[in-house]
Amino acid sequence: MSPRPLTQVVLLTPEGRGAVASLLVEGPLALQVVGELFHPASRRSLAEEPCGKIVFGRWQSPEVGEELVVCRRDTGIEIHCHGGRAAAAAISASLTERGCRTVPWRQWMAESTRDPIEAAAQIALADATTERTAAILWDQSTGALRRALDAIAAQLDAGQPEQARCGVDTLLDYSALGRHLVTPWQVVLAGRPNVGKSSLINALLGYRRAIVHDTPGTTRDVVTAATAVDGWPVQLADTAGLHVSADPLEASGIRLTQNSLAAADLAVLVFDAGMNWSADDEGLASSWPEALRVFNKCDLLTANTTPGTRPPGLYVSALRGEGIHEMEREIATRLVPQVPARGAAVPFTATQVRSLEQIRAALAARDPATARQLLARAESWGDAC
Ligand SMILES: Nc1nc2c(ncn2[C@@H]2O[C@H](COP(=O)(O)OP(=O)(O)O)[C@@H](O)[C@H]2O)c(=O)[nH]1
Ligand SMILES: [Mg+2]
């Protein structure tokens, strides 16, 4: 086995198209290796330039090489070249030829960040799709979860298992939220044909994703679209209308709907507010009692509509946009009933949640020693985010 090279190169910007790509070279030979390949326009050697100064030049060839800027930093040397794969890959290859190790950024982050939980949060942060989820991950990347775990450990060491248990419970209150910071919540809209499910999806999205038609049975497949509801990442799913159908294609669409509803984080049942409440509606509502009930087409409500024994729900009109904001707010509240305060600790990986559940079980069994041991293993909690 060859000895592990100590000087490494990491691509800091995402792979693919972009205006600028940035690489970091760090390690004992960084200045020497970059100095050999980089030709500053000023002709002054890179070693003479102060930290933080941006130096323009060419790579490999002083006449025809890739134009780029290089900057010495405390941590290493940054190279900023043209965006896209080709330029960064060529620079990386030339550095590897001179003995540098190429490290994927996730690995680099995990190896170079002091705390594995903070490293995992930094890595997850790159996959956050909304500002709201990014802010929560940012808090974990700057130590919120670590501090909370340290406080629980201190309580156990001080012989205060009840306080420690409270701390664990508080963290676990956010486990569902934490697991959705990079994976969207699944919200499935279902209901009988023609009640306006596709129209509602389009109203929530703000553009026409799903086909709207007055012919019942238009939507057969499950149509999904990514969006954010009140800052939370959500995958909305439009489904085939639920009713008894002799058409095998429609029937298999209905089976898909049932499966999607069962797997959803939130099921939304849509009913037609302009129609009288029927036995079919009642059957559907009682099959999914936890679902959010939405009565669409409230613009068609007339003095003649008899709501009958209709259960409570939200009244909206996809056509006119009425009640859509209220519907968004209700979806958000159902998904995240308790919003963490800024800076609060939130567990965000499956490993973290599982470990906290084990700690809670140990504390419930009046076994603080096991709880403390599990907590001491928090070094490995950063994996599998
Ligand atoms: N008056 C009224 N009509 C609506 C409303 N939402 C949908 N529709 C109409 O109802 C019909 C069925 O809509 P669609 O979204 O395809 O229903 P789906 O089968 O449940 O997906 C279409 O003609 C829509 O224009 C609404 O809020 N008010
Ligand atoms: Mg439809």
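The values are calculated or read from the model by the stated rules, or taken from the named source; none is laboratory data. If you're wondering where the values come from, they're calculated on a predicted model, not measured in any experiment. Positions of Cβ are generated from backbone atoms using ideal geometry, with glycine treated the same way; all protein chains shown enter the neighbour counts.
Confirm whether residue 187 is within 16 Å of ligand 1 (Cβ to nearest atom) and at pLDDT below 95. In short, no.
I'm checking my understanding of the structure. Among residues of segment 259-274 that are in a loop (DSSP other than H, G, I, E, B) and in contact (Cβ under 8 Å) with a residue 40 or more places away in the chain, which one is surrounded by the fewest Cβ atoms within 10 Å (Cβ to Cβ)? Can you show your working first?
To start, the set of residues in segment 259-274 that are in a loop (DSSP other than H, G, I, E, B) comprises 264-265, 273-274.
Now restrict to residues that are in contact (Cβ under 8 Å) with a residue 40 or more places away in the chain: 264-265, 273.
On the way: 264: 20, 265: 16, 273: 24.
Result: 265.
Criterion first (within 16 Å of ligand 2 (Cβ to nearest atom), part of a helix (DSSP H, G or I) and surrounded by 21 or more Cβ atoms within 10 Å (Cβ to Cβ)) does residue 152 satisfy it? Break it down stepwise before answering.
Values: within 16 Å of ligand 2 (Cβ to nearest atom): no; part of a helix (DSSP H, G or I): yes; surrounded by 21 or more Cβ atoms within 10 Å (Cβ to Cβ): yes.
Criteria not met by residue 152.
Among the residues of segment 317-352, those identified as touching a Cys at 6+ places or on another chain (Cβ under 9 Å) and within 25 Å of residue 118 (Cα to Cα) are 348, 349, 350, 351, 352.
Could you say which residue among 86, 134, 90, 158 is without any contact (Cβ under 8 Å) to a residue 12 or more places away in the chain and in the same structural domain as residue 12 (by TED's automatic domain parsing)?
Numbers: 134 fails: in the same structural domain as residue 12 (by TED's automatic domain parsing); 90 fails: without any contact (Cβ under 8 Å) to a residue 12 or more places away in the chain; 158 fails: in the same structural domain as residue 12 (by TED's automatic domain parsing).
Being without any contact (Cβ under 8 Å) to a residue 12 or more places away in the chain and in the same structural domain as residue 12 (by TED's automatic domain parsing) holds for just one of 86, 134, 90, 158, which is 86.
Filter segment 91-137 for residues that are touching a Lys or Arg at 6+ places or on another chain (Cβ under 6 Å) and not acidic (Asp, Glu); which is farthest from residue 32 (Cα to Cα)? Explain how you work it out, then say what you get.
Initially, segment 91-137 is screened for residues touching a Lys or Arg at 6+ places or on another chain (Cβ under 6 Å), giving 115, 117, 123.
If we keep only those that are not acidic (Asp, Glu) too, we end up with 117, 123.
Details: 117: 34, 123: 30 Å.
Filtering first and then ranking leaves 117.
Got a number for residues in segment 32-50 being crowded, with 16+ Cβ neighbours inside 10 Å, of a type in the set (A, V, I, L, M, F, W, C) and either farther than 13 Å from residue 73 by Cα or at pLDDT 95 or above (or both)? Talk me through it step by step, then tell me what you get.
Taking segment 32-50 and keeping what is crowded, with 16+ Cβ neighbours inside 10 Å, we get 33-35, 37-40, 46, 49.
Filter once more, so that each one left must be of a type in the set (A, V, I, L, M, F, W, C): 33-34, 37-38, 46.
Then drop every residue that is not either farther than 13 Å from residue 73 by Cα or at pLDDT 95 or above (or both), which leaves 33-34, 37-38.
Residues flagged as crowded, with 16+ Cβ neighbours inside 10 Å, of a type in the set (A, V, I, L, M, F, W, C) and either farther than 13 Å from residue 73 by Cα or at pLDDT 95 or above (or both) within segment 32-50 amount to 4.
Mind checking whether some residue in segment 11-18 is among the β-branched types (Val, Ile, Thr), touching a residue at least 40 places away in the same chain (Cβ under 8 Å) and within 15 Å of residue 74 (Cα to Cα)? Can you show your working first?
We begin by selecting, within segment 11-18, every residue among the β-branched types (Val, Ile, Thr); these are 13.
Then keep just the ones that are touching a residue at least 40 places away in the same chain (Cβ under 8 Å); that gives 13.
Add one more test, that the residue is within 15 Å of residue 74 (Cα to Cα), and what stays is none.
No; the residues of segment 11-18 include none that is among the β-branched types (Val, Ile, Thr), touching a residue at least 40 places away in the same chain (Cβ under 8 Å) and within 15 Å of residue 74 (Cα to Cα).
Checked against the criterion of being buried (at least 16 other Cβ atoms within 10 Å of the Cβ), out of contact with any helix residue (DSSP H, G or I) (no Cβ under 6 Å at 6 or more places or on another chain), assigned to a helix (DSSP H, G or I) and modelled with pLDDT of 95 or more, the candidates 169, 139 yield just one match: 139.
Scanning segment 356-378 for residues that are in contact (Cβ under 8 Å) with a residue 24 or more places away in the chain and in contact with a helix residue (DSSP H, G or I) (Cβ under 6 Å, 6 or more places away or on another chain) gives 356, 359, 360, 363, 368, 371, 372, 375, 378. Among the residues making up segment 76-129, those that are under 29 Å from residue 142 (Cα atoms) and acidic (Asp, Glu) are 78, 111, 115, 118, 127.
Would you check if residue 241 is within 16 Å of ligand 2 (Cβ to nearest atom), in the same structural domain as residue 329 (by TED's automatic domain parsing), modelled with pLDDT under 95 and part of a loop (DSSP other than H, G, I, E, B)? Break it down into steps so the answer makes sense when it comes.
Numbers: within 16 Å of ligand 2 (Cβ to nearest atom): yes; in the same structural domain as residue 329 (by TED's automatic domain parsing): yes; modelled with pLDDT under 95: yes; part of a loop (DSSP other than H, G, I, E, B): yes.
For residue 241, the condition - within 16 Å of ligand 2 (Cβ to nearest atom), in the same structural domain as residue 329 (by TED's automatic domain parsing), modelled with pLDDT under 95 and part of a loop (DSSP other than H, G, I, E, B) - is met.
Within the bounds of segment 165-188, is there any residue that is more than 30 Å from residue 363 (Cβ to Cβ) and without any contact (Cβ under 8 Å) to a residue 60 or more places away in the chain? Looking for residues that are more than 30 Å from residue 363 (Cβ to Cβ) and without any contact (Cβ under 8 Å) to a residue 60 or more places away in the chain, one finds at least one in segment 165-188, hence yes.
Restricting attention to segment 195-224, which residues are at pLDDT 90 or above and either within 11 Å of ligand 1 (Cβ to nearest atom) or more than 22 Å from residue 293 (Cβ to Cβ) (or both)? Selection gives 195, 196, 197, 198, 199, 200, 201, 202, 203.
Would you kindly identify the helices (runs of 4 or more DSSP H) lying entirely within segment 279-385 that contain at least 2 residues that are among the hydroxyl-bearing types (Ser, Thr, Tyr)? Even if it seems obvious, please write down each step before you answer.
Numbers: elements: 279-287, 324-335, 350-364, 368-376.
Passing ranges, in order: 279-287, 350-364.
Only one entry of 72, 98 meets the criterion of being buried (at least 18 other Cβ atoms within 10 Å of the Cβ), assigned by TED's automatic domain parsing to the domain that holds residue 21 and either touching a helix residue (DSSP H, G or I) at 6+ places or on another chain (Cβ under 6 Å) or over 13 Å from residue 12 (Cα atoms) (or both), and that entry is 72.
Here's the yes/no breakdown for (1) within 20 Å of residue 258 (Cβ to Cβ); (2) within 16 Å of ligand 1 (Cβ to nearest atom):
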{"position": "277", "(1), (2)": "no, no"}
{"position": "282", "(1), (2)": "yes, no"}
{"position": "290", "(1), (2)": "yes, no"}
{"position": "294", "(1), (2)": "yes, yes"}
{"position": "297", "(1), (2)": "no, yes"}
{"position": "311", "(1), (2)": "no, no"}
{"position": "316", "(1), (2)": "no, yes"}
{"position": "329", "(1), (2)": "no, no"}
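Taking residue 19 as the residue in question, decide whether it is modelled with pLDDT under 95 and farther than 30 Å from residue 351 by Cα.
On the way: modelled with pLDDT under 95: yes; farther than 30 Å from residue 351 by Cα: yes.
Yes, satisfied.
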